[in-house]
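The block underneath contains the structure these notes are about, expressed in structure tokens.
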Amino acid sequence: MAVAFEAVVDALESRHALLTPAEFHVSPEEWAILQTGVASGRSGQPRIESKHDVARLLQARRNCNRMLEEIGGWPEPLQAAQQKLEEAEKTLNETRATIEDLSVEAENEPALESQLRAITSRLAGLRERHSKANSDVIRIKRLYDCLCKSAPPILREVVERRATDLGVDASRRAAEHLAREIADEKRMSDQSNSQSLWSWLSPHTRYRIVWQAVKNLCPEALEVSSEGKKSLNRKRWSEFLESMREAIPAKEKKLAELHQEIEQLVEESREPIHAWINARQLEVSMLLPSD
């Protein structure tokens, strides 16, 4: 049905490209395919019941083709934009590290101040370059999302089923849980927060809250004397916080891998739409004048 629907739209576009809706001619067979194809899509999809609806459909197709011309196909433009963004981020981070080193040395070496100012000025330019690269990635992703929405509803249903089968939602939930865990551990292991824990030990109203937190997170840091009095082993608690801090980079790496896995699963689920976009891109390239 998706192939027949696309074939009818292609035929209508070639016949009526320069005509007004009143001049359209749609055969009964074409009406049946158009209405059946749209009716089988997701709820909320506009129905095709008049020549004006056909005109809107053809206009959407032309908009889709214009977007294809702008991004030049998929996924090469996005990959190129992402590569530029990664290069800009790498250069930006290297420049920041150089500035930090020079800032320390410049305190003792006045001659380095001019070099520091020059690199600081360069950093501003790199930030602008990084911002532009990031904007390019966002723009191309938005165009691609628009193209996916322009795909036939039947294809979008297939993509939704494939995404469910591949476990995209489960991976997203795992990533969200890990991100919350990292944020909580960062707050807990932060030096200012750990120091504030000592101030909590004196007020009686917070006493039980503190011990319950230590009991849940690091029971080894709790010591009970022969008289039954509880005390906090600060050394063990500090070691626990330090181990938590050391584990955060590994968890952040795992989170980045999860996000990469999600992107890959999403791309795999969109294979039917990729094929449709490539077909549309081939049509556009054949219509464009050769150099």
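Just so it is clear, none of the values below were taken in a lab; they were calculated from the coordinates. Because the structure is predicted, anything quoted here is derived from the model rather than measured. Counting neighbours? That spans all protein chains shown, and the Cβs are built from the backbone with ideal geometry, glycine included.
Round to the nearest 0.05 the FRET efficiency obtained for Arg245 and Asn63 when R0 = 51 Å and r is the Cβ-Cβ distance.
That pair, Arg245 with Asn63, gives E of 0.50.
Could you list, in their original order, any pairs among Lys229/Lys253; Lys132/Lys254; Lys90/Lys254 whose Cα atoms are separated by more than 31 Å?
Lys229/Lys253
Mind putting together the pair-distance distribution for segment 210-263? All Cα pairs, 10 Å bins, whole percent per bin, short to long.
The percentages, shortest bin first, are 21, 34, 21, 15, 6, 2.
Cα to Cα, under 16 Å, and not fewer than 8 places away if on the same chain: which lysines meet these conditions relative to Lys230?
Result set, ordered by chain and number: Lys215.
Please rank Phe240, Phe24, fewest neighbouring Cβ atoms within 10 Å first, as an exposure proxy.
Listed from fewest to most nearby Cβ atoms, that is Phe24, Phe240.
If we count every other residue with Cβ under 15 angstrom of Lys90's Cβ, Lys/Arg +1 and Asp/Glu -1, where does the sum land?
Residues close to Lys90 contribute a combined charge of +1.
Among Arg15, Arg61, rank each residue by its count of other Cβ atoms within 10 Å, from fewest to most, as a rough exposure measure.
Arg15, Arg61
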